[in-house]
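Undergrad: A single structure is presented below for examination.
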Protein chains: 2
Amino acid sequence: MLTVAEARNLILQQSRSFGTETILLSEAYDRVLAEDIYADRDYPPFNRSAMDGYALQLKDIEKYTEFKLVAEMLAGESIKILTEEGTCIKIMTGAPVPEGANLVIRVEDSELNNDIVKFKSLSSKIWQNIALQGEDAKIGELVLKRSTIINASTSGLLASLGRNNVTVCSLPKVSIVSTGNEIKAVGDSVLPHQIRDSNSYTIASFFQHYNIDIASRKLVSDRKEEIKHAIESSKDMDILILSGGVSMGDADFVPEVLNECGVKTIFHKVQIKPGKPLWFGIRDNQTVVFALPGNPVSCQVAFKVFIEPFLRACFGLPLCQTIKLAMTSDRRKKSSFEEYFPCILAPFGLTTGLQQIKNNGSGDFTSITRSSGLAVHPAEIEQLKEGDVVEFIPWKGV
Amino acid sequence: MLTVAEARNLILQQSRSFGTETILLSEAYDRVLAEDIYADRDYPPFNRSAMDGYALQLKDIEKYTEFKLVAEMLAGESIKILTEEGTCIKIMTGAPVPEGANLVIRVEDSELNNDIVKFKSLSSKIWQNIALQGEDAKIGELVLKRSTIINASTSGLLASLGRNNVTVCSLPKVSIVSTGNEIKAVGDSVLPHQIRDSNSYTIASFFQHYNIDIASRKLVSDRKEEIKHAIESSKDMDILILSGGVSMGDADFVPEVLNECGVKTIFHKVQIKPGKPLWFGIRDNQTVVFALPGNPVSCQVAFKVFIEPFLRACFGLPLCQTIKLAMTSDRRKKSSFEEYFPCILAPFGLTTGLQQIKNNGSGDFTSITRSSGLAVHPAEIEQLKEGDVVEFIPWKGV
């Protein structure tokens, strides 16, 4: 049986671009840049005053004790010129420093009387309180690499650069099929032996992290024909996710039906807990298929450990960043597999540690709602001790 | 001048609900629950088999070495009854355990020949491999509290409970006004002394974290009449955010105009770097107004430190969770204020530490795009040493 790392590698090998498209910046939030972004001009575009104060010449400071105020420079005005010795120009934060001036003295460190400015004796140095033209980025410089997620700060930068339109990675077409005779739709009434479909909601929510709407959601019984029909009708999808029917039970037909529909098995089963029965395959080098165990916790683990890394690789993004934190208590592993367990962040000495959430196993979807993410109990370590450092995968990502 | 904590407390005192509304679960992602959610029945709703195997009676195990297979129990079938001694029922993962049975032995630990099942000698105990009815939640039990963000796992739980519709906190109406003679719209061409509006994109992106679309975005000059008009036309907003014009410069009319428009000053200026000139007020106990410094980094800091906590309080959510991590290098503070600096996560010994991103000050919006969040340099500590633990606020939250 494959290890988690081996399985993930096989999955990542199937990653491919879904193409690119150009959209409005205002609609690009959470999308992934598909172009390198270069500075259209220097940033700052001019020597910018970082303070409200007076712009003058450093060399004048030793010569003069009083300066004649000759002009005012507001933000948004054309750049003025400072020519005469012993003069200064009042300047506002964000305004361009006048040509000829090479420092700004703060208004707090000055005294103005009838157009005459005196400065408190201070150590002054060249370019003081000035953000120099091009110090953040030079014209033509690469400022954002492709495969960057467009978030608050990157959208601000793109706006500054005048990028009303940006080229982003196109989104995959995703279909979710929940299988199981016992599964009813959320709005339906249930008999005592029936349960409601929850995995399609969980999976759909996760895809929303990347702004992906699910193209199609289906609910089918364990009957082969029904499963077959659902798979066949997902032919033009980029990603097909099934839940349920992948174990070795007598009604677990999903892998078999997938093969009958021409989906090639890449692997079945992984040394992971929860989530061992995971099945992964591909059809016509186009649709990748994840068939997940039916239980809700396994589904969530499978998304973070396998599906999200696939998606990110398709967008050219690295694996999700993890945070290495100390355990706040011991944990014994029951299986020989790599285990993923829901955690919250909790104080641990001066730092933040990981506190395992009590739960009743992979079917328990109430306790997991209180968690902030998953922690990883490595396969080869039987017992984690309080203070041992493990990887933490926040549900949201960092 | 107020400390950060004092300013935030004054802001939180103005928090209020924006009402509630009932929406489809499938559209509730990232929204905040406004009702307590109780289990509509026991979870699991029946004694559920956690394995593919055989259901039988514990007391029979000592008596019999062979069991007669009398039935099969698939998921989604009505619950069967195990009556006769020395018999067993084949059962699939997720199926209800037959009445009368009290343990499940895994199919891997058994041998089936002509309807006779033999089990390998194993330690067996009552309820083995069975998730007991109600062990995750009892009917009527509170399973999700109001003021919980609807994410992947909570939407799965809500679906399980049959909640096709959920009552969530209504969203505030938010208006953003960027001020400044030097500011041009993103699509416009710029002269050398002009820059483009970026803050409205940054702020709008942040609000998207909570699924909030900005109701109105305006760009105005530093002329009082224009600012006034923009403020007046935001009368029916819950939150008005201005950027620029709040310092002490000669064109900084925003606080004055806000007062003229009947917005009461709650505070102006905070001991924070970057972002000192922050102005906060309220009009008619209805519209809260944040007037932010114009520079992009201050804007981002102000959102995470002041605006987001306000928003969360309005939704009944606690402050964003922070993570306490060690610094990977020293940092000297230049001001006497609480400083917020952009960081990335980086290896630090066995754990994850905080690495400061080099930047050119509060106007530098290129370097901040490479950061994962903000770290806090406390006001009273001049120098942070490598290994010192500080608070980290991820841009995305945890």
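Undergrad: Mind listing the long-range amide H neighbours of B:Lys184? Cut-off is under 5 Å, sequence gap 5 or more, other chains count too, H placed in the peptide plane at 1.01 Å from N.
TA: Those qualifying (amide H under 5 Å, at least 5 residues apart or on another chain) are B:Ile195, B:Arg196, B:Asp197.
Undergrad: Within a 10 angstrom radius of each residue's Cβ in B:242-254, how many Cβ atoms of other chains show up on average? Whole number is fine.
TA: Numbers: counts 0, 0, 3, 2, 0, 6, 6, 13, 9, 10, 4, 0, 0.
The per-residue average across the peptide is 4.
Undergrad: If amide H atoms are built 1.01 Å from N in the plane of the peptide, which residues on other chains or at least 5 residues away come under 5 Å of the amide H of A:Leu2?
TA: Close amide H contacts, sequence-distant or interchain: A:Gln271.
Undergrad: What are the GluC sites (Glu not before Pro) within the stretch B:102-164 that DSSP puts in a loop, where the Cβ has at most 15 other Cβ atoms within 10 Å?
TA: Values: sites: B:Glu108, B:Glu111, B:Glu135, B:Glu141; in loops: B:Glu135, B:Glu141.
Passing both the DSSP loop test and the Cβ count: B:Glu141.
Undergrad: In whole Hz, what ³J(HN,Hα) sequence does the stretch A:43-53 give by Karplus (6.51, -1.76, 1.60; θ = phi - 60°), x for Gly and Pro?
TA: Each residue's phi maps through the Karplus curve to give 10, x, x, 8, 5, 9, 6, 8, 9, 7, x Hz.
Undergrad: Applying the Karplus parametrisation 6.51 cos²θ - 1.76 cosθ + 1.60 with θ = phi - 60° to the phi angles of the stretch B:277-284, what ³J(HN,Hα) value in whole Hz is obtained for each residue in order, glycine and proline being reported as x?
TA: x, 3, 10, 9, x, 9, 10, 6
Undergrad: Further, regarding this structure: Per the Kirkwood treatment, what hydrodynamic radius in Å, one decimal, follows for the protein assembly as shown from the mean inverse distance over all distinct Cα pairs?
TA: Radius from the Kirkwood sum: 29.2 Å.
Undergrad: Which of A:Met51, B:Met73 has the fewest other C-beta atoms within 10 Å, and how do the rest follow up to the most?
TA: A:Met51, B:Met73
Undergrad: A follow-up question, please. How many partner chain Cβ atoms sit within 10 Å of a residue's Cβ in peptide A:291-299, on average, as a whole number?
TA: Per residue, the average neighbour count from other chains is 2.
Undergrad: First check a/c for the stretch A:301-398, with a ≥ b ≥ c the square roots of the eigenvalues of its C-alpha gyration tensor; if it is under 1.5, answer rounded, and if not, answer prolate when a/b is larger than b/c or oblate otherwise.
TA: It is prolate, given that a/c is not under 1.5 and a/b is the larger ratio.
Undergrad: Provide a whole-number value for the mean count of partner chain Cβ atoms within 10 Å of the Cβ atoms in peptide A:72-82.
TA: Neighbouring Cβ atoms belonging to other protein chains average 5 per residue here.
Undergrad: Any idea what the dipole of the stretch A:48-131 comes to, in debye rounded to 20, about its Cα centre with Lys/Arg Cβ at +1 and Asp/Glu Cβ at -1?
TA: In total the dipole reaches around 220 debye.
Undergrad: Can you grab the distance from the C-alpha centre of the stretch B:178-193 to the C-alpha centre of the stretch A:34-110, Å, no decimals?
TA: 19 Å
Undergrad: What order do you get for A:389-397, B:301-309, B:195-203, A:18-26 when each peptide is scored by the mean count of other beta carbon atoms within 10 Å, highest first?
TA: B:195-203, B:301-309, A:389-397, A:18-26
Undergrad: How would you rank B:Glu339, A:Glu226, B:Glu35, going from fewest to most other Cβ atoms within 10 Å of each one's own Cβ?
TA: Ordered from fewest to most neighbouring Cβ atoms within 10 Å, B:Glu339, A:Glu226, B:Glu35 come out as B:Glu35, A:Glu226, B:Glu339.
Undergrad: Given the options A:Val270, A:Gly100, A:Thr202, identify the residue whose Cα lies farthest towards the positive end of the charge dipole of chain A (+1 on Cβ of Lys, Arg; -1 on Cβ of Asp, Glu).
TA: Towards the positive end, the residue furthest out is A:Val270.
Undergrad: Return the long-range amide H neighbours of B:Val177 (sequence gap of 5 or more, or a different chain), with a cut-off of under 5 Å between placed amide H atoms.
TA: B:Lys218, B:Ile241, B:Leu242, B:Ser243
Undergrad: If you build the Cα gyration tensor of chain B and take the root of 5 times each eigenvalue, what three semi-axes come out, in whole angstrom, biggest first?
TA: 60, 26, 17
Undergrad: While we're on this one: Give me the net charge for the shell around A:Glu72: Cβ to Cβ below 12 angstrom, other residues only, Lys and Arg +1, Asp and Glu -1.
TA: Values: positive: A:Lys80, A:Lys90; negative: A:Asp52, A:Glu77, A:Asp115, B:Asp250.
Residues near A:Glu72 contribute -2 overall.
Undergrad: Given R₀ = 25 Å, FRET efficiency for B:Val70-B:Lys118 by Cβ-Cβ distance, to 0.05? Intermediate results must be reported in sequence, preceding the final value.
TA: On the way: r = 16 Å, r/R0 = 0.62.
The formula returns an efficiency of 0.95 here.
Undergrad: Do the alpha carbons of any pairs in A:Lys224/A:Lys276; A:Lys63/B:Lys273; A:Lys304/B:Lys324; A:Lys145/A:Lys396; A:Lys333/B:Lys125; B:Lys173/B:Lys224 sit beyond 30 Å of each other, and which pairs?
TA: On the way: A:Lys224/A:Lys276 22 Å; A:Lys63/B:Lys273 34 Å; A:Lys304/B:Lys324 24 Å; A:Lys145/A:Lys396 22 Å; A:Lys333/B:Lys125 20 Å; B:Lys173/B:Lys224 24 Å.
Those over the limit are A:Lys63/B:Lys273.
Undergrad: Still on this structure: Would you mind classifying the stretch B:48-131 by shape? Square roots of the alpha carbon gyration tensor eigenvalues, ordered a ≥ b ≥ c; an a/c under 1.5 is rounded, otherwise it is prolate if a/b is larger than b/c and oblate if not.
TA: Note, shape of the stretch B:48-131 comes out rounded.
Undergrad: Using DSSP, restrict attention to beta bridges with both residues in the protein assembly as shown and report what percent are antiparallel, rounded to the nearest 5.
TA: Antiparallel: roughly 65 percent of the beta bridges in the protein assembly as shown.
Undergrad: Could you name the lysines in cross-link range of B:Lys80, using Cα to Cα under 16 Å and dropping any fewer than eight places away on the same chain?
TA: B:Lys68, B:Lys90
Undergrad: Take the Cβ-Cβ distance between A:Ile81 and A:Ser335 as r, set R0 to 60 Å, and report the resulting FRET efficiency rounded to the nearest 0.05.
TA: 0.20
Undergrad: Now a separate question. With point charges of +1 on the Cβ of Lys and Arg and -1 on the Cβ of Asp and Glu, referenced to the Cα centre of chain B, which listed residue (B:Ile61, B:Ser15, B:Ser147) lies farthest in the positive direction of the dipole?
TA: Going by the Cα projections, it comes out as B:Ser15.
Undergrad: Looking only at chain A, where both bridge partners belong to it, what percent of the DSSP beta bridges are antiparallel (to the nearest 5)?
TA: In chain A, approximately 65 percent of DSSP beta bridges are antiparallel ones.
Undergrad: Quote the FRET efficiency, to the nearest 0.05, computed for A:Asn285 versus A:Asn165 with a Förster distance R0 of 41 Å and r equal to the Cβ-Cβ distance.
TA: 0.85
Undergrad: Using +1 at the Cβ of each Lys and Arg and -1 at the Cβ of each Asp and Glu in the protein assembly as shown, identify which of A:Gly245, A:Ile381, B:Met248 lies farthest towards the dipole's positive end.
TA: A:Ile381
Undergrad: May I ask you to evaluate 6.51 cos²θ - 1.76 cosθ + 1.60, the Karplus curve with θ = phi - 60°, for each residue of the stretch B:236-246 and list the ³J(HN,Hα) values in order in whole Hz, giving x for glycine and proline?
TA: Values per residue, Gly and Pro as x: 8, 7, 7, 9, 10, 10, 10, 10, x, x, 10 Hz.
Undergrad: Next question. Calculate the all-directions average of the projected area of the stretch A:237-348's alpha-carbon convex hull, and give it in nm².
TA: Result: a mean projected hull area of 8.6 nm².
Undergrad: Rounded to the nearest Å, what's the spacing between the alpha carbon centres of the stretch A:267-331 and the stretch A:1-21? Just the number, please.
TA: 10 Å
No value in this document is a laboratory result; all are computed from the given coordinates. All values reported here derive from a predicted model rather than from experimental measurement. Here Cβ is always computed from backbone atoms with ideal geometry, including for glycine, and neighbour counts include all displayed protein chains.
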